[in-house]
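*Asks:* What follows is a single structure, and I will ask about it in a moment.
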Amino acid sequence: MSSDAQSVPAAAANEQAGPRITEMYSESGGSPRPSTTPLANGERSAGWALFGSELSVLFRRLRTWAMLLALAAVPVLIAVVVRLAADEGGPGGGPPFLNQITQNGLFVALTGLVVSIPLFLPLTISVVAGDTIAGEAGHGTLRYLLTAPAGRLRLLAVKYGAAVVFCIAAALAIVVAGAVIGSILFGTGPVTLLSGDTIGVGESLIRLLLVAAYVALSLAGLAAIGLFISTLTEVPVGAMATTAVLAVVTQIVGALPQLDWLHPWLFTYHWLDFADLLRQPISWDAFGGNALLQGGYIAVFCALAYGRFSTKDVLS
């Protein structure tokens with residue numbers, strides 16, 4: 001193959017990575033420094049510039065907004081179906097397990113989260129996390145990003161940070177869409193908690209945001225697993241599919257009573273344990289246990305990702 005033919009993909013990759021590298025250099029005020037020098041203000045600025053650029057790239061993609069809209073459509077669809085069923089069945093109509101939605105529209109957001117946690121949320125997180133490193137490697141832009149003063153460790157941190165931001169955005173998309181459509185179709189009012197206490201609309205919205213934070217935390221462990229898998233391949237679709245399948249298989253294993261001894265170690269173990277946030281007073285035991293479990297997965301798989309990525313050949 002001629003040198004001109006070989007330069008075509010390289011030029012295309014350089015064109016894709018160029019804006020991010022240029023932005024980082026302009027923020028840091030100069031050329032990249034050796035990785036052995038002490039961290040300077042310019043390097044810190046370059047790291048934040050890389051993170052801002054990564055978020056910009058992530059949320060400029062049509063795929064990202066399509067996934068967020070698909071997640072937002074889950075509570076909307078639930079609310080519309082329940083509304084139609086209630087209209088047909090008269091007062092108290094509709095599916096029995098969704099009767100609370102007809103009494104208070106804020107329950108739509110909570111129901112949307114419960115429905116989305118087993119499959120829809122893990123699927124979207126798998127797409128984003130699986131694309132972190134494998135996507136750059138597949139497009140040939142990884143080597144150009146590493147010429148910037150960020151270095152491999154900081155690039156990994158930025159990629160994982162962007163995936164966590166998407167976890168938050170995904171949970172909020174469901175909660176906001178559910179609260180809005182529920183308020184429109186069913187109205188809002190005081191909410192009766194699982195403990196039997198009643199709280200106002202304002203405090204109810206705060207509880208919904210706490211549940212969204214809990215769900216985002218739960219997905220952060222899956223994002224770390226996806227980051228590690230993404231360092232193992234240059235095929236982003238393979239990393240996405242592997243992460244998604246692993247999330248599904250782990251939930252299946254968690255439902256097998258024969259493996260009770262293994263369940264507390266699974267990253268999906270606390271995914272649906274946010275009921276304590278819907279009591280008065282709030283019990284933080286489940287939140288703390290989930291944070292400890294997800295923190296362990298984040299530490300282990302981010303370390304594995306760095307171990308793999310630090311020796312990864314990005315030049316071939």
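Just so you know, all these numbers are worked out from the coordinates, no wet-lab data involved. Here the structure is a predicted model, which is why all the values come from computation and not from measurement. Because the Cβ atoms are built from the backbone with ideal geometry, glycine has one as well, and the counts that use them run over all protein chains shown.
*Asks:* Please go through the stretch 222-234 and pick out each residue that is touching a Gly at 6+ places or on another chain (Cβ under 8 Å) and not in a loop (DSSP other than H, G, I, E, B). Spell out the reasoning first.
*Replies:* Looking only at the stretch 222-234, we keep the residues that are touching a Gly at 6+ places or on another chain (Cβ under 8 Å), and these are 226, 229-230, 234.
Listed by number, the residues that qualify are GLY226, ILE229, SER230.
*Asks:* Restricting attention to the stretch 184-215, which residues are surrounded by fewer than 24 Cβ atoms within 10 Å (Cβ to Cβ), of a type in the set (Val, Ile, Thr) and assigned to a helix (DSSP H, G or I)?
*Replies:* Answer for the stretch 184-215, where residues must be surrounded by fewer than 24 Cβ atoms within 10 Å (Cβ to Cβ), of a type in the set (Val, Ile, Thr) and assigned to a helix (DSSP H, G or I): ILE184, VAL201, ILE206, VAL211.
*Asks:* Do we have GLN258 as surrounded by 14 or more Cβ atoms within 10 Å (Cβ to Cβ) and farther than 19 Å from ILE206 by Cβ here?
*Replies:* no
*Asks:* Tally the residues that are part of a helix (DSSP H, G or I), surrounded by fewer than 21 Cβ atoms within 10 Å (Cβ to Cβ) and within 14 Å of the chain's Cα centre (by Cα), restricting the search to the stretch 98-126.
*Replies:* Going through the stretch 98-126 one residue at a time, the tally reaches 2.
*Asks:* Surrounded by 23 or more Cβ atoms within 10 Å (Cβ to Cβ) and either closer than 22 Å to VAL235 by Cα or among the polar types (S, T, N, Q) (or both): is that true of SER218 in this structure?
*Replies:* The answer is yes for SER218.
*Asks:* List, please: which pairs have Cβ atoms under 7 Å, are six or more places apart or on different chains, and start with a residue in the stretch 262-277 that is surrounded by 21 or more Cβ atoms within 10 Å (Cβ to Cβ) and end with one that is part of a loop (DSSP other than H, G, I, E, B)?
*Replies:* Listed pairs, sorted by first residue: TRP271/ILE117.
*Asks:* For the stretch 127-169, enumerate the residues that are buried (at least 19 other Cβ atoms within 10 Å of the Cβ), of a type in the set (Val, Ile, Thr) and part of a loop (DSSP other than H, G, I, E, B).
*Replies:* THR132, ILE133, THR141
*Asks:* Which pairs turn up if I take residues in the stretch 235-259 that are in a helix (DSSP H, G or I) and look for partners that are of a type in the set (Phe, Trp, Tyr) with beta carbon separation below 7 Å, at least 6 apart in sequence or on another chain?
*Replies:* The qualifying pairs are THR250/PHE267; GLY254/TYR269.
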